[in-house]
Each structure stands twice: as structure tokens, then as C-alpha cells.
Amino acid sequence: MGSHVDPNKTRRHPVSAWVAVFSLALIVRLAYFLQIGDLIFVSHLVGDAATYDAWAKQIADGSWRWPESFYQAPLYPYFLASLYATLGHNLWLVRIIQAILGTVGCVMVGAAGAKFFSRQAGITTASMLALYGPAIYFDGILQKSSLGFFLMASLLLLVAIYGQQGHRWAVALAMGITLGLLSLTRENALAVTPVVAAWILWRTVSDTLPENDRHTVDDRHAVDDRQTVAWRDRAIHLALFAAGMILILSPVALHNYDRGGAFSVTTFQMGPNFYMGNHTGADGRYAPMIPGRETPEYERADATALAEQDMGRSLQPREVSDYWMRRAWADIRSDVWGWGKMLGMKWWLTWNRYEIPDTESYYIYRDGSGTLSALGRVWHFGVLCPMGVLGAIWAWPKRREVWVLYTLTIVMAVAVAAFYVFGRYRYPLVPIIAIFAGYAAVQTCRRAEAGALWGNTPSHRRYRQHPRHRRYWRYWQNWVAIGLAISSTIWVNWRVNPEQSLNAGQLGNLGAALATSGRIEESVPYFQQAADMLPKAPRLRQFLADALSMTGRYGEAIPHYQAVLELQPDRPLADFNLAVALEAVGRTNDALKHYQHALTLNPDDSESMSAIRRLTGNRSLKP
């Protein structure tokens, strides 16, 4: 006699799995933090991190109403300022709080996956994000990516909750507030506003009549009453969604109008950013308006100065943005075919496995952490994305319930590719792709267990006997899905970026950060690695030569200065520094020649003039 087993007793408590995932994500992040303490970028902030930190400190010191219109998304600096004002200026506390937000975000994305698909798929999704290398990295740097991930996860969970019955009016309001906050972190998130609004309309329409009433209600008046209620609900929910966004964005729009003379619900950098990603000669990656001025403190000033110089008058922030937008479209119209090819390249870059670096590089941090190195080399975008493709194909029969995920993915990807591509810009795509990837993992296991993955079920065997029968499309569906997943794996992992050049530039940035902080001797190996990777890059060669000279190793610096001048003869600073090194090793005649050449290139160079007078003994020499 068989014994009855209560399935509820053999099943783990639903909360325990989520607690386990939360704990895993947080422990991994804290372990990673313990390993990166010696990296210079952790203590010496550069690029956007330095800008956000300085901005936040000014706000925390009392400048809560910023004196200028916003050129960069303002939410993250104000988030930092709130932490500084309450907890003090402690960067490690900021990182820990970001790790907690990232951990909660993993669980929220998993919860969204559970509502869209199944509990197993949701837990798998959350586990994937808990161990996803770039997610761990972004939680540890002072960038808006971590906050943006948390807000994107919140939005996805709210969208999933809205797809179910319940207090939808509150969820609609919360979606508006969350999307407004996300737009103040990533401005291109505004592009998903119509998608969320359409989701609200769709779910309200699909629930006009309950499924069990659609064939039993004969009273036409009852049907009309239900439809009237449905239209009223749509209007109310859309109004609440819009009210939530207005509540968040209107203070920023009013501030920009007061400080910049025109309304903008986020920032005034859309025009310059669009130009940098779409002008003639662009390659889809970031390139500054003026070479060598890649840092945020120059971006606004350069965009404004160049526009005003061309227009011959001072310009308001909106006029500067409009100027660069017109320039971009003029370049596009002049070579539509070339722009189309470049747009295709940006689409490829958006989906490529390589995390295109900004001033900080994921790969520098990965190499400095055993935890991130172990995870990041096997679990990265080049693996996640093909799994997402497989999940999206297998979820196609459920498209009426999850079409919002497909649409959000496409819209967010287009919003990235429309400008220029960084790894952190495409990061908001990751939680959506992870939901599909979690579903793919669960479905793969289930289909393999049932024999459906390889066509070893009775229905598949019947198909082989009657291959034209339409109902056995499932036989081919698995093979098509697997084939597309394999194709996407090749496409996503294809080496399309100049990775050696980008990695060398990041090593140069790391060396420069060490040198700026006074750790010059430590900077030399990084400059050496960068110069070895790109021997024909004069900027990296000069960094190495300067570091060697500053540590007294003039003899080693001389051949690097000479290499710089062979690559780029019109660098007066390289001529001057080479002359200093030559003089230091006793080669005064050679030093004099380079002082003279430096003075020829830059007649206002008083230091070269003084050196020439000293070496020639001609005190009356004039420029």
C-alpha cells in the first residue's frame, strides 16, 4: 500500500530560496570589495566618479539648489549628497549601500521573472544576476549604474505586478514615479514611457471581461457597463502614471527653465551626445569634442565654446544642444549610407560581449579581484545574451502575456545605439535579458528531462511518421531555438572592438591616476604595459617616459621620448622633456638641439629659452 506524501512538506518554503539568493549576492559583493582595496581607482577617483563626488560634496555643503542648469543626470549626485550629509564622506559606506541596492535589485528582477514566468525561472534569474560579473563591478564604483540598475529592477517588478489583478491604481502611480527617477539617472529611459503606457492600456483592455464571463454574459447592458468601467480605469491609471512622472520630473524642468532659460525634463546634453555618436567619422564609441579633453569638466565647456564660436554669439543651454543636433543631422543627410553602416556597427557594439570602458574599466577591476576574475571570465554578457535569445524564442507562445519584455528590450537597445556605446550605457538591458535567460535555463532542464529537447517524445516520433502535420511544429521549434542561440553566441562574442587599444588606454589611465596621487614609481609598470600593447601611441609612450624621468631613470626615458618624436615630431613638450633627460645624462649638445626645436614649435616657451641661455652662456638671447 503506497503512502501519500504531502507535496507541501517536500517543497522548501518559498521565502528561503529568495533569502539564499539575497545572501549570496551580498556576500559575493562584500568579498569583492575586500579584494579591491589596493586599486588606485578605489581611493583616487577619476572621470565621472570624481565629478559626481565633487558635485555631491558641494550639494551636501549647502548648495542643494544647483546654480546651473543640469548638463548631466542629477539624481545620482543628489543621492550621494544625501549619504554624505547623513553618514559623512565615506566612500566605502557608499559602496556598501550600493551593494545592498544591487542585491535587492537582483531579488526584484527575480521576482519579476517569477511573475512573468514561474518561481523557478525567477529564482534562476536572481541567481544569475547575483553572480554576474559586471553587476558586481558596477556596484563597487561611484557611478550611476548601480542606482540605475536598482530603479530598472523596481520598474520591471512593478510592470510585472501590474499584469496581475490587484490595486493597480497604486502600481500605476508607482510606475510613473520609478520611471521618472530612472530618467534622472539614465536620460534615454524616457524612451520606454510609451511602452509602459501601452502596457497599462493592454492589461486593462484584456481584463474588460473575466475569462469565464465572456461566453456567459448575454445582457448587452452588462457588457457595456464593463467596457465603461474599463475605459474609466484606463484613464485613471494612465493619469496616475503620468502624475507620478510629472511629480518627479517637474522640479527638474522648472530648475532648468530658471537656470537655463528653457524647459528640459532631464538635461541639456542630448544634442552634444547625439553629435558625438553620429557625426561624420564617428565609430559608435565615445570621442570628445576636442581630443585630449575627455573628462566631464571639459565636456560642457567645449560643447558650448565651439557652438558659440561658430555662431558668433553667446548661447543658452537649449541653443547649444539644438546647434549640435542640427550639426549631427546635417552630417547624416550628407552621407546617409555611411551613417546607416555606422548605425549598424553601433547596434553590434550594443550587443557585443565586450564592456566598452569609460574612464574606469571593468577589466582593470576584474584583474585586481580573484572573485570577479573567476566569475567574470565565465559568466559575462557573451553568455547571458545568447541565453536570453533562447529564452525569448521559447517564451514566444506566451507573447500576449510578456510582450512588454520584448518591447522594452528593443526600445532600450535602440535608445543606446542612437547615441554612442559604453558598457555602462547598455547595463539597463541586463535585467530584462536576465529574465529571459532564467526562463531559458529552466526550460532547458525541463525539456531535457522530458526528452523534448532532442525530439525523443511520443509526439515527436509521430511527427517523424507524419512530418507535414502542423501540430508538430514543436519538433522543429527546439532545433530552431538552439540554432539561433548558437548563432547569437558567435555574433555577440565576435571581436568587433579594438580591445587591445581600449585596454591599453585604461592601463594608461590607471598609471596616470597613480602618478597624480604621488605614486609615480608604481605607475611605471602600467605605463610600460600600455606602451608595449600600443607601441605606436605617442601619448602612452610619453606617459612612460615622463614617469621614468620623474623617478630619475633618465637613461631609460630617452629612447621613449625619441620614439614619441618619431611618431609625432610636433610635440614641443616631448622635445623639452627629452632635452631635460639628455642634459641630465651629460649629453648637453643633443639637449641644446631639442631645447631649440621645442622653442621653434612654441616661441612662448620661457623654460626652453632659459635652458638655451644657460647652455650657451648667451644671457642676451631673446625669443
Helices (runs of 4 or more DSSP H) fully within segment 23-126 counting 3 or more residues that are β-branched (Val, Ile, Thr): 91-116
Odd one out for residue 397 among (1) in a helix (DSSP H, G or I); (2) in contact with a helix residue (DSSP H, G or I) (Cβ under 8 Å, 6 or more places away or on another chain): (2)
Filter pass, residue 204 being within 42 Å of the chain's Cα centre (by Cα), buried (at least 16 other Cβ atoms within 10 Å of the Cβ), in a helix (DSSP H, G or I) and modelled with pLDDT under 95: yes
Residues located in segment 351-369, provided they are part of a helix (DSSP H, G or I) and not β-branched (Val, Ile, Thr): 351, 362, 363, 365, 366, 367
Residues located in segment 250-268, provided they are closer than 14 Å to residue 74 by Cβ and either in contact with a helix residue (DSSP H, G or I) (Cβ under 6 Å, 6 or more places away or on another chain) or open to solvent by less than 40 Å² (accessible area, probe 1.4 Å) (or both): 252, 253, 255, 256, 260, 264, 265, 266, 267, 268
Residues of segment 305-324 satisfying the condition of being open to solvent by 40 Å² or more (accessible area, probe 1.4 Å), in a helix (DSSP H, G or I) and not basic (Lys, Arg): 305, 306, 308, 309, 310, 311, 319, 322
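Give the residue, chosen from 259, 232, that is closer than 30 Å to residue 308 by Cβ and of a type in the set (D, E, K, R).
After ruling out the rest, the residue left standing is 259.
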Selection count where residues are of a type in the set (S, T, N, Q) and open to solvent by 70 Å² or more (accessible area, probe 1.4 Å), scope segment 279-297: 1
So residue 348, is it surrounded by fewer than 14 Cβ atoms within 10 Å (Cβ to Cβ), among the aromatic types (Phe, Trp, Tyr) and in a helix (DSSP H, G or I): no
Inter-residue pairs, beta-carbon under 7 Å, first within 27 Å of residue 161 (Cβ to Cβ) and in segment 82-109, second part of a helix (DSSP H, G or I) and among the charged types (D, E, K, R), 6+ apart: 98/139; 99/29; 99/139; 102/29; 102/139; 103/29
Residue check for residue 404: open to solvent by less than 40 Å² (accessible area, probe 1.4 Å), touching a Gly at 6+ places or on another chain (Cβ under 9 Å) and at pLDDT 95 or above: yes
Near pairs, Cβ below 8 angstrom, 6+ apart or cross-chain, from segment 236-247 (open to solvent by 60 Å² or more (accessible area, probe 1.4 Å)) to any residue that is hydroxyl-bearing (Ser, Thr, Tyr): none
Conditions (1) closer than 23 Å to residue 264 by Cα; (2) in contact with a Lys or Arg (Cβ under 7 Å, 6 or more places away or on another chain); number of the one not met by residue 161: (1)
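The values are calculated or read from the model by the stated rules, or taken from the named source; none is laboratory data. Note that this is a predicted model, so its numbers are computed, not measured. When we count neighbours, we look across all protein chains shown, and the Cβ atoms used for this are built from the backbone with ideal geometry, even at glycine. Ligands, DNA and RNA are excluded from the accessible area calculation, which covers all protein heavy atoms including side chains. Shrake-Rupley method; radii C 1.70, N 1.55, O 1.52, S 1.80 Å.
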